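Participant: One structure coming up, written as structure tokens, with questions to follow.
Please treat every number below as a calculation from the coordinates, not as lab data. Owing to the predicted nature of the structure, the values given are computational and were not obtained by experimental measurement. Every residue, glycine among them, receives a Cβ derived from its backbone with ideal geometry; neighbour counts consider all protein chains shown.
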Amino acid sequence: MFISNYPQPRIILATMSIASTKDFIEYFSQAENPILIADEVHRLGSTTNRIILQLNFKEKLGLSATPERLFDQEGDEALKAVFGCTPIYDLPLSGKVKLSRNDDKEIPILGKFLSYYDYDFEIVNLTEEEQNQWNKITSEIARIIPLRLKQNEDFKFTNDKKLLNLFIRRARIQKNSQAKIECACRVIKEKYPENGRWIIYCDNFKQMEAIANILRINIKYVPILIYHSEMSQADKDLTLKHLESQPGIIVSIRCLDEGVDIPAVDGALILSSSTNPREYIQRRGRVLRKAKGKKKALIIDTIVLPMPDSKHSDFLPMVRSELARAWEFAKLADNKDVPHRLWRLCEEYGVDLNSDAQLSICEEFEE
């Protein structure tokens, strides 16, 4: 294939799905002193892709905004065994870089390479039925965990299929809250700017269709498009091309999280409540790409909270996860009033963002 007596070095570009095939591995294993550069390196930790790591690379470089594999200890350890436990270079969104080796001045990432952004959030409350479902699942989780710990002190939640299923079912109640549909319509009516190019992130197909339909009925002056993995590639390309050249709104599910570049997008409404950093960091990244005429982006999040008269302690895991994600968005945003509003919410619900933000990621389980 690419192994020959030709003496010059060569570069092979391959997707991970191709590079992990038996034929590719067989041929590439004949290469002498190969070097690996892996973009979105966290994907190499999957069961299928990690076969690539068995090759004897002379040098390895992995690139990722989110290198950790949440709730996949085996995959995470496989990556660390090859690339090391700690990144050798970490460039946060708040960081600065020199444009060349000879420069003395450091340039901020935001503003130079990525757009500035404003962040806002809308609070939506669970319905009585949703809250009852949440309570029922939470009680079952609280019943099972002590039993598991009694059986095994080293018990890990991620290895228990029954518990994982309960956490996933509980997370779906947040993600699919009925109040989000009305919220989406209201936000678009009030905050969608003339000539805006927005993405609405939904959790599943049913929610996506419901949002798209209600927007088409109530907001006739804005083109409403959908984007999902079951569309043909031609339809996907046409949808993205439209948003690059014309104002409109794309209502989508997870397929726009990673690997899709739409610099013209200047707004996002996030309805899918995710505590997985890979998801919400990728979503923010879609909106922050620089484009001609684009001065600033707007990110609007939906924070799901229990009904106002609920006992707050029963819903602390949910509140922690929602506020921790909001804090990650808010602390680098241009508008500085939002962090103050978040801290007031934290006081109301007894959440300490300094200590609870990381804890929240361990409490909420994603699919």
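Participant: Taking amide hydrogens as modeled 1.01 Å from N in the peptide plane, which residues meet the under 5 Å criterion relative to Tyr117, leaving out close sequence neighbours?
Facilitator: Here the answer is Ala297, Asp334, since their amide H atoms fall under 5 Å of that of Tyr117.
Participant: Sort Phe57, Phe113, Phe329 by Cβ crowding within 10 Å, fewest neighbours at the top.
Facilitator: Result, fewest neighbours first: Phe113, Phe57, Phe329.
Participant: In sequence order, what are the phi-derived ³J(HN,Hα) couplings for segment 329-337 according to the Karplus relation 6.51 cos²θ - 1.76 cosθ + 1.60 with θ = phi - 60°, rounded to whole Hz, with x for glycine and proline?
Facilitator: 6, 6, 5, 10, 6, 5, 7, 9, 7
Participant: Show me, for segment 97-105, the HN-Hα J-couplings you get by feeding each phi into the Karplus relation (A = 6.51, B = -1.76, C = 1.60, θ = phi - 60°), rounded to Hz, glycine and proline as x.
Facilitator: Karplus values, whole Hz, x for Gly and Pro: 9, 8, 6, 8, 4, 8, 6, 8, 7.
Participant: Right, next: Applying a 10 Å radius around every beta-carbon, put 138-146, 190-198 in order of their mean neighbour count, most first. Working shown, then result.
Facilitator: Working: 138-146: 13.0, 190-198: 15.0.
Taking the mean over residues of other Cβ atoms within 10 Å, the ranking is 190-198, 138-146.
Participant: Something else about it: What are the semi-axes of the equivalent ellipsoid of the chain, taken as the square roots of 5 times the eigenvalues of the Cα gyration tensor, listed largest first and rounded to whole Å?
Facilitator: 36, 29, 22
Participant: Where the only charges are on Cβ atoms (+1 Lys, Arg; -1 Asp, Glu), what is the dipole of the chain about its Cα centre, to the nearest 20 debye?
Facilitator: Roughly 720 debye for the chain.
Participant: Quick check on the chain: helices-only [θ] at 222 nm, where DSSP H runs of length 4 and up contribute -39,500 (n - 2.57) each and the sum goes over total residues. Nearest 500, please.
Facilitator: Result for the chain: -13000 deg cm²/dmol, rounded to the nearest 500.
Participant: Same structure again: Under a point-charge model restricted to the Cβ atoms of Lys and Arg (+1) and Asp and Glu (-1), what is the dipole moment magnitude of segment 16-90 relative to its Cα centre, in debye to the nearest 20? Intermediate values should be presented prior to the final figure.
Facilitator: On the way: 7 positive and 12 negative charges, 21 e Å.
Using Cβ point charges on Lys, Arg, Asp and Glu, segment 16-90 gives about 100 debye.
Participant: Below 8 Å between Cα atoms, with a sequence gap of 6+, how large is the relative contact order for segment 171-306 in percent? Kindly include the intermediate steps, with their values, before the conclusion.
Facilitator: Numbers: 209 pairs, mean separation 39.7, N = 136.
With pairs under 8 Å counted, the relative contact order is 29 percent.
Participant: Suppose the chain between Leu99 and Asn213 were pulled fully straight at 0.36 nm per residue; how much longer would it get relative to their current alpha carbon spacing?
Facilitator: Residue separation times 0.36 nm, minus the Cα-Cα distance, leaves 36.4 nm.
Participant: So which aspartates and glutamates pass the test for Lys98, namely a Cα distance under 13 Å, with those fewer than 8 places away in the same chain ruled out?
Facilitator: The qualifying aspartates and glutamates are Glu106.
Participant: Residue by residue, what Karplus-based ³J(HN,Hα) values in Hz, rounded to whole numbers, does segment 80-93 have, using 6.51, -1.76 and 1.60 with θ = phi - 60° and x for Gly and Pro?
Facilitator: For segment 80-93, the Karplus curve yields 5, 5, 8, 9, x, 7, 10, x, 7, 9, 10, 10, x, 4 Hz.
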